[in-house]
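Take a look at the structure below.
The values are calculated or read from the model by the stated rules, or taken from the named source; none is laboratory data. Predicted model only: the values in this text are computed from it and were never measured. When we count neighbours, we look across all protein chains shown, and the Cβ atoms used for this are built from the backbone with ideal geometry, even at glycine.
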Amino acid sequence: MLDPSATVLPTPSLALCSEQEVTRLVHDFYARVRGEARLAPVFAARVDDWDAHLAQLVDFWSAMLRGTRRFSGAPMPKHMAMDELDRDLFDRWLALFRQTTAESGNLPMQRLADDVATRIADTFWRRFQMLRWPQLPVAGVMPAGTPRLD
């Protein structure tokens, strides 16, 4: 029998993790990003003030993991304007993120953070594909007019 706690994701809450855990996650992760051969130049070209950027990312992840409401921003348009994005960059970002969450020592936080990060990467990548190549079908989306098999 499956353990229900293994299939149900934790919900964002103040009890899930501390602000210090969120801050450590963000700072450790982006230290890795800044050292990764393909990701580092993408960020270096756009982030002038790392302290301000990291503070905004801590607010974002605090909202996602703890349910705080400090984050304000619109990350989608900024990411969609980046012509150099490709699936490999998203995969590298996710791999580094998962490596960092795995080292957090907080399994519930890791599970929720990994789920959120995966959904973000998938959403951004699909939106990027739709904007860049609207004539191509997006993985997981059936083209209009495709007959249903059910």
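Condition check: surrounded by fewer than 16 Cβ atoms within 10 Å (Cβ to Cβ), more than 14 Å from the chain's Cα centre (by Cα) and either without any contact (Cβ under 8 Å) to a residue 24 or more places away in the chain or within 20 Å of D122 (Cβ to Cβ) (or both). Does R38 satisfy that? Don't jump to the end; show me each part of the working.
On the way: surrounded by fewer than 16 Cβ atoms within 10 Å (Cβ to Cβ): yes; more than 14 Å from the chain's Cα centre (by Cα): yes; either without any contact (Cβ under 8 Å) to a residue 24 or more places away in the chain or within 20 Å of D122 (Cβ to Cβ) (or both): yes.
Here the answer is yes, as R38 does meet what is asked.
Out of segment 8-35, which residues are in a helix (DSSP H, G or I) and hydrophobic (A, V, I, L, M, F, W, C)? Can you show your working first?
Initial filter on segment 8-35 (in a helix (DSSP H, G or I)): 19-35.
Selection gives V22, L25, V26, F29, A31, V33.
Pull out all pairs, ordered by first then second residue, where Cβ-Cβ is under 7 Å, the residues are six or more apart or on different chains, the first lies in segment 46-69 and is farther than 11 Å from P12 by Cα and in contact (Cβ under 8 Å) with a residue 12 or more places away in the chain, and the second is surrounded by fewer than 16 Cβ atoms within 10 Å (Cβ to Cβ) and among the charged types (D, E, K, R).
D59/R70
Looking only at segment 23-51, which residues are closer than 23 Å to L65 by Cα and of a type in the set (G, A, S)?
The one that is closer than 23 Å to L65 by Cα and of a type in the set (G, A, S): A31.
Evaluate segment 58-71: report whether one residue or more is buried (at least 16 other Cβ atoms within 10 Å of the Cβ), touching a Leu at 6+ places or on another chain (Cβ under 7 Å) and hydroxyl-bearing (S, T, Y).
The answer is no, given that none of the residues of segment 58-71 is buried (at least 16 other Cβ atoms within 10 Å of the Cβ), touching a Leu at 6+ places or on another chain (Cβ under 7 Å) and hydroxyl-bearing (S, T, Y).
Please pick out the residue among L131, L112 that is aliphatic (A, V, I, L, M), modelled with pLDDT of 95 or more and either surrounded by fewer than 16 Cβ atoms within 10 Å (Cβ to Cβ) or within 20 Å of P12 (Cβ to Cβ) (or both). Break it down stepwise before answering.
Details: L131 fails: modelled with pLDDT of 95 or more.
Selected residue: L112, the only one of L131, L112 that is aliphatic (A, V, I, L, M), modelled with pLDDT of 95 or more and either surrounded by fewer than 16 Cβ atoms within 10 Å (Cβ to Cβ) or within 20 Å of P12 (Cβ to Cβ) (or both).
Can you tell me how many residues within segment 102-124 are under 12 Å from the mean Cα position of the chain (by Cα) and not small (G, A, S)?
Of all residues in segment 102-124, those under 12 Å from the mean Cα position of the chain (by Cα) come to 112-124.
Checking which are not small (G, A, S) leaves us with 112, 114-116, 118-120, 122-124.
Residues in segment 102-124 being under 12 Å from the mean Cα position of the chain (by Cα) and not small (G, A, S): 10 in total.
Here is a list: T118, T100. Which entry is without any contact (Cβ under 8 Å) to a residue 40 or more places away in the chain, in a helix (DSSP H, G or I), of a type in the set (V, I, T) and closer than 30 Å to T7 by Cα?
Values: T100 fails: without any contact (Cβ under 8 Å) to a residue 40 or more places away in the chain.
Going through T118, T100 in turn, the sole match is T118.
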